[in-house]
Amino acid sequence: MVRITFTWVLLAAAGLGLTGCALFGTAEQPVDFWQPALSPDGLTLVYIAKGAKSYDLFALDLETGVEVLVLSLERDIVYPSWSPDGTRIAFMYVQDKDNWDIFTVEVGTGAMFRVTSDPAADVNPTWAGDGRIVFNSNRGGNWGAYVVHADGTGLRRISIARPAKG
């Protein structure tokens, strides 16, 4: 039996900033193809990889092997998720210092849209089958699951308030 211990995996949660490599055991390895997400038609893989200044969003055509840069920003892009129709990708980004929000990008044009804008951390977006985006947030000081339309309207909490463990 082989046991591999992941000591550290691309994590700097204090500021939620990312760094340039991951440690597996004691050897440093560059992070490529981080957080892969397969398109609904199964033909394209999007992922996070080190770009010129930060972690950028790339797409790989699985039939041709051609990689394209989808989006490059000043800070790291993380947690990509495909829309059900395969035209957009939701992701987390820190546009304002230390404030993670949910954004989308149109794959064909690179047009970016800010879905959430709240001082709380809005994280881990996932597209629902109906086109809404489900995400976690610590709005009001408590973590919960929320849902919002891709245009930023219709925000509502969908999880219950869980009692504190003590």
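The values are calculated or read from the model by the stated rules, or taken from the named source; none is laboratory data. Quantities reported herein were computed from a predicted structural model and do not represent experimental measurements. Neighbour counts run over all protein chains shown; Cβ positions are idealised from the backbone, glycine included.
Can you go through A161, A150 and tell me which one is of a type in the set (A, V, I, L, M, F, W, C) and loosely packed, with under 11 Cβ neighbours inside 10 Å? Break it down stepwise before answering.
On the way: A150 fails: loosely packed, with under 11 Cβ neighbours inside 10 Å.
Matching residue, one of A161, A150: A161.
Cβ-Cβ distance below 7 Å, separation of 6 or more or different chains: which pairs start in segment 124-151 with a residue that is within 26 Å of S39 (Cβ to Cβ) and end on one that is surrounded by fewer than 17 Cβ atoms within 10 Å (Cβ to Cβ) and of a type in the set (F, W, Y)?
N136/W143
Failed condition for F33, given (1) under 15 Å from the mean Cα position of the chain (by Cα); (2) closer than 27 Å to I158 by Cβ, with all others met?
(2)
Can you tell me how many residues in segment 56-72 are aromatic (F, W, Y) and over 18 Å from the mean Cα position of the chain (by Cα)?
Of segment 56-72, the ones aromatic (F, W, Y) are 58.
Subsequent filtering for residues that are over 18 Å from the mean Cα position of the chain (by Cα) retains none.
Qualifying residue count, segment 56-72: 0.
So, of the residues in segment 129-147 that are within 15 Å of the chain's Cα centre (by Cα) and under 16 Å from S83 (Cβ atoms), which turns out to be surrounded by the most Cβ atoms within 10 Å (Cβ to Cβ)? Lay out the reasoning, then the answer.
Step one: list which residues in segment 129-147 are within 15 Å of the chain's Cα centre (by Cα), which gives 133-137.
From what is left, the residues that are under 16 Å from S83 (Cβ atoms) are 133-135.
Numbers: I133: 24, V134: 18, F135: 26.
The extreme case among them is F135.
Please work out which residue is nearest to the chain's Cα centre (by Cα), limiting yourself to segment 40-55 and to residues that are surrounded by 13 or more Cβ atoms within 10 Å (Cβ to Cβ), modelled with pLDDT under 95 and part of a loop (DSSP other than H, G, I, E, B).
The selected residue is S54.
Here is a list of conditions, (1) small (G, A, S); (2) closer than 20 Å to S54 by Cβ; (3) free of Cβ contacts under 8 Å to residues at least 24 places away in the same chain; (4) surrounded by 19 or more Cβ atoms within 10 Å (Cβ to Cβ), and A121 meets all of them except one; can you say which number that is?
(3)
Among the residues of segment 93-103, is any modelled with pLDDT of 95 or more, over 23 Å from V134 (Cα atoms) and in contact with a strand residue (DSSP E or B) (Cβ under 8 Å, 6 or more places away or on another chain)?
Looking for residues that are modelled with pLDDT of 95 or more, over 23 Å from V134 (Cα atoms) and in contact with a strand residue (DSSP E or B) (Cβ under 8 Å, 6 or more places away or on another chain), one finds none in segment 93-103, hence no.
Check segment 89-110 and report whether any residue there is among the small types (G, A, S), in contact with a Pro (Cβ under 6 Å, 6 or more places away or on another chain), closer than 20 Å to Y55 by Cα and surrounded by 11 or more Cβ atoms within 10 Å (Cβ to Cβ). Talk me through it step by step, then tell me what you get.
Within segment 89-110, the subset among the small types (G, A, S) is 90, 108, 110.
Now drop any that are not in contact with a Pro (Cβ under 6 Å, 6 or more places away or on another chain), which leaves 90.
Still in the list and also closer than 20 Å to Y55 by Cα: 90.
This time we only want the ones that are surrounded by 11 or more Cβ atoms within 10 Å (Cβ to Cβ), so: 90.
Yes, segment 89-110 contains a residue that is among the small types (G, A, S), in contact with a Pro (Cβ under 6 Å, 6 or more places away or on another chain), closer than 20 Å to Y55 by Cα and surrounded by 11 or more Cβ atoms within 10 Å (Cβ to Cβ).
Give D85, D130 a once-over and let me know the one that is under 16 Å from V148 (Cβ atoms) and either touching a Lys or Arg at 6+ places or on another chain (Cβ under 9 Å) or modelled with pLDDT of 95 or more (or both).
Numbers: D85 fails: under 16 Å from V148 (Cβ atoms).
On inspection, the qualifying residue turns out to be D130.
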